[in-house]
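The values are calculated or read from the model by the stated rules, or taken from the named source; none is laboratory data. Source: prediction; values computed, not measured. Backbone-built Cβ (ideal geometry, glycine too); neighbour counts: all protein chains shown.
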Amino acid sequence: MNTLNRITGATTKIIGGAVLVLMALQIVVDVFMRNVVGAGFPATADLVSKYYMVLVSFLPVAYAELQRRHVEASVFTDMMHKAARRWIYLLGFALSFVVYALLAWGTFSEALKQTERGAYVEAGMIDFPTWPGYWILPVSFSLMTLVLALRLVQVLRNVFADVPADQALIAEPPNQAE
C-alpha cells in the first residue's frame, strides 16, 4: 500500500503541477495575444475545459483517498464500537467500489466511442481533437477503484488504520502557558 501511495502521490503531484503551470502559461499567452495582437491563442478555451480542468479535477481523486482526505461524516461513527465501525467501513468501501467501477466502465465505453469517431471541436480555423480528454475519466476512476479494492482488503484483513484522517485530531494539544 505504501508503494501505491508513493507512486500515486508522486504521479498526481507531477502531472497536476505541470498541468496547472501549462494552463496558467497558456491563459497568460492568450490574454497577452488578445491585447497585443488582437487575436487569442487558438483553442485556449477548449484546451482548458476539455483537458486541463478535467485532469486537475479528477486525477487526484484516488490520491485524496490514499491520504484519507475525502469528506468523512463521522459524528455518529466515532461513538460506535470499533467492530461496528469496521462494518461501516466495509459497507462504505464496497458501495464506493461498485460506484467507481461502474463510472470507470461507463467512461471507458464513452472514451472508446469518442476515440473511434475522432471527436473534435472546431476552434476558429482548426479542428481541435477532444477525444484524448475522454480518457482522463476512466483512468482516474480506475485508479480510485483500485484504491478502494485495496481498502476492502485492508478492512477484511483487519489492518485498516481506524484513526482520524485529520492529523490535527490525533496530535497532542499544545502546552498552555501557566
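Before moving on, here are some points about what is shown:
- Tally, over the stretch 161-178, of residues that are of a type in the set (A, V, I, L, M, F, W, C), modelled with pLDDT under 80 and part of a loop (DSSP other than H, G, I, E, B): 4
- Here is the figure for the stretch 139-160: residues that are in a helix (DSSP H, G or I) and either surrounded by fewer than 20 Cβ atoms within 10 Å (Cβ to Cβ) or of a type in the set (Asp, Glu) (or both) total 9.
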